[in-house]
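A.B. asks: One structure, pasted below without further comment.
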Amino acid sequence: MSSVAVIDYGMGNLHSVAKALEHVMPGVEVLVTADPEKVRSADRVLLPGVGAIRDCMAEIRRLGVDKEVAEAIASGKPFLGICVGYQALMQRSEENGGVDCLGHFDGTVRFFGDDLKERDGERLKVPHMGWNEVHQTFDHPLWQGIEDGSRFYFVHSYYVDAVDKQRVAGNCHYGVDFDVAIARDNVFATQFHPEKSHTVGLQLLKNFLNWDGKP
């Protein structure tokens, strides 16, 4: 039986993610856990996250999840980060006056701003909440069966600005262009919530559960 560890550090959409994984692949063993041994033994690892990055990073470090993430990435097993779990993989976030993140990717998490405007001058609400088009920048196994320009569900006030744009697997526009998916080797991470994105989100999670971790 295939297994996936959903890392529980008290800051994730754990129930929704676990139920979505079970829905797309009945019989998969979903382990919602922070136990290093269970994370280590799982075939795949998923890092979720919601809330303020300062609180998330504090719990990640307090519980040793930073070490679990580093070990899982180094092992070569498929790894998926979602929302704040995606932002946490960057070097630093501007949120909460500046917070150091895990540094697995070169990039900064930036604030949309208090006066965000569209090109035509329309004022935009922050957080960016709701459905938006995601444009795929290169083929990847997790995009299989998902049309370019499909709409995914977002809830966030901060966005990723990756340094190495060749690693960016998808981007989006909301006042500014920003990076919503990143990929390298066995790691894929998204700003949007696949577990809340209906058919296309479930397809991405199904692709993750079928992925061997190779680009």
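A.B. asks: For the stretch 1-83, give me every one of the helices (runs of 4 or more DSSP H) that falls completely inside it and has 3 or more residues that are open to solvent by 20 Å² or more (accessible area, probe 1.4 Å) and more than 18 Å from Val99 (Cβ to Cβ).
C.D. replies: Ranges flagged: 14-24, 36-41, 65-75.
A.B. asks: Next question. Condition test on Gly113, is it in contact (Cβ under 8 Å) with a residue 40 or more places away in the chain and at positive phi?
C.D. replies: yes
A.B. asks: From Ala52, Ala34, grab the single residue that is over 17 Å from the mean Cα position of the chain (by Cα), modelled with pLDDT under 95 and farther than 17 Å from Leu209 by Cβ.
C.D. replies: Ala34
A.B. asks: Does the stretch 95-111 contain at least one residue that is open to solvent by less than 10 Å² (accessible area, probe 1.4 Å), of a type in the set (Phe, Trp, Tyr), in contact with a helix residue (DSSP H, G or I) (Cβ under 7 Å, 6 or more places away or on another chain) and in a loop (DSSP other than H, G, I, E, B)?
C.D. replies: yes
A.B. asks: Oh, and also: For residues in the stretch 145-162 being farther than 18 Å from Asp100 by Cα and among the charged types (D, E, K, R), which is nearest to the chain's Cα centre (by Cα)? Break it down stepwise before answering.
C.D. replies: Quick first cut of the stretch 145-162, residues farther than 18 Å from Asp100 by Cα only: 145-156.
Keeping just the survivors that are among the charged types (D, E, K, R) gives 147-148, 151.
Numbers: Glu147: 19, Asp148: 18, Arg151: 16 Å.
The qualifying residue nearest to the chain's Cα centre (by Cα) is Arg151.
A.B. asks: Hey, another quick one. Just to confirm my filter: which strands (runs of 3 or more DSSP E) fall fully inside the stretch 112-215 and include at least 2 residues that are crowded, with 22+ Cβ neighbours inside 10 Å and modelled with pLDDT of 95 or more?
C.D. replies: Answer list for the stretch 112-215: 151-156, 158-162, 168-174, 176-184, 187-190.
The values are calculated or read from the model by the stated rules, or taken from the named source; none is laboratory data. Note that the coordinates shown come from a computational prediction; the quantities given were computed from them, not determined experimentally. Every residue, glycine among them, receives a Cβ derived from its backbone with ideal geometry; neighbour counts consider all protein chains shown. The area values use the complete protein model at the heavy-atom level, side chains included, leaving out ligands, DNA and RNA. Shrake-Rupley method; radii C 1.70, N 1.55, O 1.52, S 1.80 Å.
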